[in-house]
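Since the structure comes first, as structure tokens, the remarks are kept for the end.
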Amino acid sequence: MSAAVTIDNVVKDYGPVRVLHGLQLDIREGEFVSLLGPSGCGKSTLLYCVAGLEQISSGRILFDGRDMAALGSRERNIALVFQDYALYPHMTVRENIAFPLRRLKVDRKTIEGQVAWAAETLGLAALLERMPSDLSGGQRQRVAVGRAIVRNPAALLMDEPLSNLDAALRVHMRTEIKRLASDLGLTVLFVTHDQEEAMVMSDRIAVLSQGHLQQFAAPMDVYRNPANRFVAEFIGSPKMNLLPSPDRADILLGLRPHDLTPAGPQDGEDAFSLAGTIALIEPAGPQYFLDVLVGGQLVRATASEIDNLSNGSEVRLSAPAHRVYRFDVATGDAL
Amino acid sequence: MIADETHKQETHKQTDSRPRRRFWSRGPRPPLFAYLAVSPTLVFVALIVGMPLVYSVWLAVHKANPITRKNTFVGLDNFRFVLSETSFWNAFGRTAHFVGFSLVGTTILGIAIALVLHEPFRGRGFMRSVMLVPWAMAPVSIGVLWSFIYAGDIGTLNGLLHDLGLGFLATAWLGDGNRALNLVALTHVWNQTPLTALMVLAGLQSMPASLHKAAMLDGAGPVTRFFRITLPWLKPTLLFVSIIATINALMAFDIIWIMTRGGPGEATTVFAWLGYVYSFQFLRFGEGAAMLYLLTGLSFLMAVFYVLVLGPRRSRHQAIPAATALDDDVAVRSPRPYSIKVPPTREPLVSPALRAVLARLGFRALVLTIFLWSALPVMLLILMSITPASDLIRVPPSAIPSALTFDNFRAVLFPEGGTTSVQAKRVPLSLLNSLIVGAVSVAIALAVTPFAGYVFARWPRARLFQGGLWSMLFTRMTPALTLVLPFFVIYRTLGLIDTHIGLVIAHLSILLPLIAWMMKSTFEGVPKSLDSAARIDGCSHMQMMLRVLLPVIRPGLMAAAIFGFLVSWNEFLFAVILTSTPDAQTIPVVLSGFLAQARFHEYGPMFAASVLSVLPPVVVAFVFQRYLVEGALSGAVKG
Ligand SMILES: Nc1ncnc2c1ncn2[C@@H]1O[C@H](COP(=O)(O)OP(=O)(O)OP(=O)(O)O)[C@@H](O)[C@H]1O
Ligand SMILES: [Mg+2]
């Protein structure tokens, strides 16, 4: 079975540069956790530390309560799917998938059975004798996953495994991976910088910024109750609008464009509202994005209809009061 | 499900296999400019490589009567004669021994050195330069150095043994036949290992780091990873390295000339030497040429053999069963058949901290070993050059000089100052000659080959260019000995013996193919869109080359210039055969002259001259290490 992974106050320095600043994550057995953050925030580094490929500078990493400090990456029984897949270029697909089993000195019959199962599960049965160079990107990605799941890893780590695929395949693969992980009860640490990917796949999302953990919560929690200004701006597309509060200088108001719509008669008394001039209307399929100039600042809003709106026309925007976020100007924390 | 993507790819492959074009029109037709650009190089090569080769083929099928000077056509008789000679087959055995020894030695040492110098550590760049020194040195200087180290009464090795109180072990190291062959091979290994190391290093640098990480996580230890990941990754490099190392070992000539001249007895008479003996000592040109062509054939066969053994592995394409897993969405998945348990981990024997310390110490020791292996002999050479000449012929010998002096350098640099040595007086002029010949050859080669390299890189499938390229490669497999004989004969008639221009032409026969090949590799790294951009911006083809492409490949030109100069500076065979007076003799020739005269009191000046001869290559190795690595990457691999 997979293990519960505890990342306890982990610090990682590269020489004088501190890359991870005391991260604290408790990941339950069988949980699917995404690590989300901008480029260079330390996501890959954290994965490598968990896998034992990098030594941590201080803190502890525990699998099912057991400290991994003394164990090298060979002994930790971790599977990692690399961003470039790291398929062994001189081995066939079959040999690639069988490689970890060979190292465990498993008998041949078991290896054959496992490889056949992995190939069938991932739709690779017809490709087993191919060399990696003769595979498409999506096929390579599946081989990498196959290699990771033929044994029972304590945890499956994935470092942006989908970022090299085209959009349609990416959407397809994320459900596949999610399903496979839950079928096998795998503990998964999934690195991505695509927030949509993180939202749909994860049980919980850990948002990182510059080596600091910003928030660790369920996807909708992260979206609806961002812990601070960074999370609020990073999650959600288009980005959240931040406006100075009309009454208090030490507070910023946050409004998601999707919550901010042209005011209608049905708005309640307590609704938050703004008035401005429309600068631009962008059609975006199911709705329109409106760029509205409010007191010298551009604010994004959405509208489902633009019948009586046009560039330059005055508009009043409103949002339900419970969808207005408040942040401390100085600390950025949500209030 | 996932598998539909597979399906797409299959169909895509089918539609992609368009009917083949007619075989003679491969790819787009090259413009006139391409033909014009490539022609100077091809014409040059045809003249100075092709013509001599044709002449030597003619020699191989004729028998010359040295007295009447009449040639009679004898068909393949010369080959038949050579193949029936026992001396040929004996030489064959020795050649096999020499090549085997060299190949195993350079490969193992080269890989080991590359693995160490691939790791990041402080002073790595410096160590890479040090590592290159034995290879940058001229084989003649190397021969001079090592033959003195191994020499009987007065050699450095024996001196060292005496100093250590082990005098009873001292012996004439090159006196025993079998040992002599091994020691010459070892010297060749010392000279050639950096080349292997350099290319393996390049191979290692191109290996994605994630491969080893993945293998580590898959439970592979360092040894397994070396054999299952690193070595297979290096296979293409090793293929190339083996071919080059084999050719260089088959053609090894300079070192043998200096160290043993085929002796003692015939103990170090390998193929190349036998061919030389037949051609230039017995003056049996026909048999000599036949022998050298057999050598070429052997190089070629070995190359083919390596390609077959080490060539790339291909997918075995399976017939795809019509309905397996190709339909979307398998609703119910079969469960994983086995649950693989990882054996419980033992606590490590040594603590990680102690292990890290031990690993560091071991690594330092390896770096130190590489330093000593590469630099110690060179430091010895320098030491000997500042040792009083009388010390060098002490009996019993000692490696420790009684005093340090610059007299030897004074003797070779300011011969007017009253040195008695004839040979020492020749050194300054020979240094100048080497400089002139090297500079002029490189300048000419760089003036024409970039254009050819560009054409080879851009129209690799056009018939004519492909042919040109292959013939360039073929010249690499031809021993210089094959060319030198026709050169000698032709030069004698044209009065080009003992001239700078004669040597420049001879060196161009090596440099043109070599540098053209380098230029091709360099241009292959330049995106084609740059050509188009320049053309769209209104450049003519010529302007495109001069204004855009040549500036872009400046590092490559630099590498080629350095390589070419080193090759010319170190070249010995042409220089020694095509010169007979000091007028045009280059430094390797004068160095070898010291040995031929064997006057004991001249050893001091000889070592001073050796140091002067290795100075430019060593400086180049240090200053231009980066360019040399680049050069090795682009296939400049002349011994
Ligand atoms: N070997 C190293 N030496 C020094 N600094 C490093 C090293 N590896 C990574 N870093 C630094 O650590 C920081 C985090 O890197 P990391 O690769 O973990 O980022 P990431 O979140 O995975 O980014 P990306 O999304 O681009 O992959 C970066 O600032 C990077 O420059
Ligand atoms: Mg990363």
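The values are calculated or read from the model by the stated rules, or taken from the named source; none is laboratory data. Because the structure is a prediction, the values reported are computed rather than measured. Neighbour counts are summed over all protein chains in view; Cβ atoms, including those assigned to glycine, are modelled from backbone coordinates with ideal geometry. Surface accessibility is based on the protein's heavy atoms, side chains included, excluding ligands, DNA and RNA. Shrake-Rupley method; radii C 1.70, N 1.55, O 1.52, S 1.80 Å.
Which far-off residues, 5 or more places away or on another chain, put their amide H under 5 Å from the one on A:F32, with H placed in the peptide plane? Those lying under 5 Å, H to H, from A:F32 are A:V188, A:D203, A:R204. Each 10 Å bin from 0 upward holds the following percent of the Cα-Cα pairs of the protein assembly as shown: 2, 9, 15, 17, 16, 15, 12, 8, 4, 2, 1, 0, 0. Can you tell me the orientation of helix A:108-122 relative to chain A, as the angle in degrees between its alpha-carbon axis and the longest Cα principal axis, to the nearest 10? Tilt of helix A:108-122: around 20 degrees.
How much length, in nm to one decimal, is gained on full extension between B:R547 and B:W373, taken as 0.36 nm per residue of separation minus their Cα-Cα distance?
Length gained between B:R547 and B:W373: 58.1 nm.
Compared with the alpha-carbon gap, the fully stretched path from B:V57 to B:A112 is longer by 15.6 nm at 0.36 nm per residue. Distance from the Cα centre of the range B:108-167 to that of the range A:104-182, in angstrom? Cα centroid to Cα centroid, the span is 50 Å. Quick one: pull the percent of accessible area on the range A:5-233 belonging to carbon and sulfur, 1.4 Å probe, ligands and nucleic acids left out. Carbon-and-sulfur percentage of accessible area, whole number: 48.
If you plug the beta carbon distance of B:S532 and B:L169 into 1/(1 + (r/R0)^6) with R0 = 56 Å, you get a FRET efficiency near 0.20. Using a simple spin-label model with pseudo-atoms 7 Å out from Cα toward Cβ, A:Q210 and A:R28 lie 3.3 nm apart. Probing with 1.4 Å while keeping every protein chain in the model, the per residue accessible area of chain A equals 41 Å².
For B:G263, the residues 5 or more places off, or on other chains, whose built amide H falls under 5 Å of its own are B:T268.
Over the protein assembly as shown, dividing the summed -39,500 (n - 2.57) contributions of all DSSP H runs of at least 4 residues by the number of residues returns a 222 nm mean residue ellipticity of -16500 deg cm²/dmol.
Restricting the calculation to Cα atoms, the range A:5-233 shows an Rg/Rh of 0.97 when the hydrodynamic-style radius is the Kirkwood one. Model label sites at B:D153 and B:L432, defined 7 Å from Cα along the beta-carbon direction, differ in position by 3.8 nm. Taking amide H positions as modeled 1.01 Å from N, with prolines and chain starts lacking one, the residues under 5 Å from B:H62 and 5 or more places away or on another chain are B:V74. For the range B:67-189, the equivalent ellipsoid derived from the alpha-carbon gyration tensor has semi-axes of 37, 24, 15 Å in decreasing order.
Over the C-alpha atoms of the range A:243-328, the Rg to Rh ratio, Rh being the Kirkwood estimate, stands at 0.96.
Charging the Cβ of each Asp and Glu at -1 and of each Lys and Arg at +1, and nothing else, the dipole of chain A about its Cα centre rounds to 1320 debye. 3J(HN,Hα) along the range A:124-134: 10, 3, 7, 10, 4, 9, 7, 8, x, 5, 9 Hz, from the Karplus curve 6.51 cos²θ - 1.76 cosθ + 1.60 with θ = phi - 60°, whole Hz, x for Gly and Pro.
Rounded to the nearest 0.05, what FRET efficiency is calculated for A:R326 and A:S136 with R0 set to 56 Å and r the Cβ-Cβ distance? For A:R326 and A:S136, the calculated efficiency is 0.70. Charge dipole of the range B:109-212 (Cα centre as origin; +1 on each Lys and Arg Cβ, -1 on each Asp and Glu Cβ, all else neutral): 360 debye, rounded to the nearest 20. Hey, what angle do you get for helix A:167-184 against the long axis of chain A, alpha-carbon based, 0 to 90 degrees rounded to 10? The two axes meet at around 60 degrees. Relative to one another, the C-alpha centroids of the range A:45-67 and the range B:466-517 are positioned 62 Å apart. When the protein assembly as shown is described by a simple charge dipole with +1 on each Lys and Arg Cβ and -1 on each Asp and Glu Cβ, the residue from B:F126, B:F363, B:S385 located farthest towards its positive end is B:S385.
Taking the Cα centre of the protein assembly as shown as origin and assigning +1 to Lys and Arg Cβ atoms and -1 to Asp and Glu Cβ atoms, the resulting dipole is close to 3060 debye.
Sorting A:R108, B:R179, B:R492 by solvent-accessible area of protein heavy atoms yields A:R108, B:R492, B:R179, largest first, with a 1.4 Å probe. Annotation for B:W470 and B:K70: the two label points, set 7 Å from Cα along the Cα-Cβ direction, are 4.0 nm apart. DSSP finds beta bridges in the protein assembly as shown, and of those with both partners inside it, around 75 percent are antiparallel.
Rolling a 1.4 Å probe across all protein chains gives B:S242 an accessible area of roughly 20 Å².
With everything on Cα atoms, drop me the angle between helix A:137-149 and the longest principal axis of chain A, reported from 0 to 90° to the nearest 10. With both axes taken from Cα atoms, the answer is about 60 degrees.
If you count the DSSP beta bridges with both ends in the range A:5-233, what percent of them are antiparallel, to the nearest 5? Percentage antiparallel, nearest 5: 55. If you run the Gaussian network model on chain A, springs between alpha carbon atoms under 10 Å, then out of A:I61, A:I306, A:I27 the most flexible one is A:I306. With R₀ fixed at 22 Å, the C-beta to C-beta distance from A:E129 to B:L231 puts the FRET efficiency at about 0.50. Of the residues A:E29, A:E54, B:E287, ranked by 1.4 Å probe accessible area with the largest first, the sequence reads A:E29, A:E54, B:E287.
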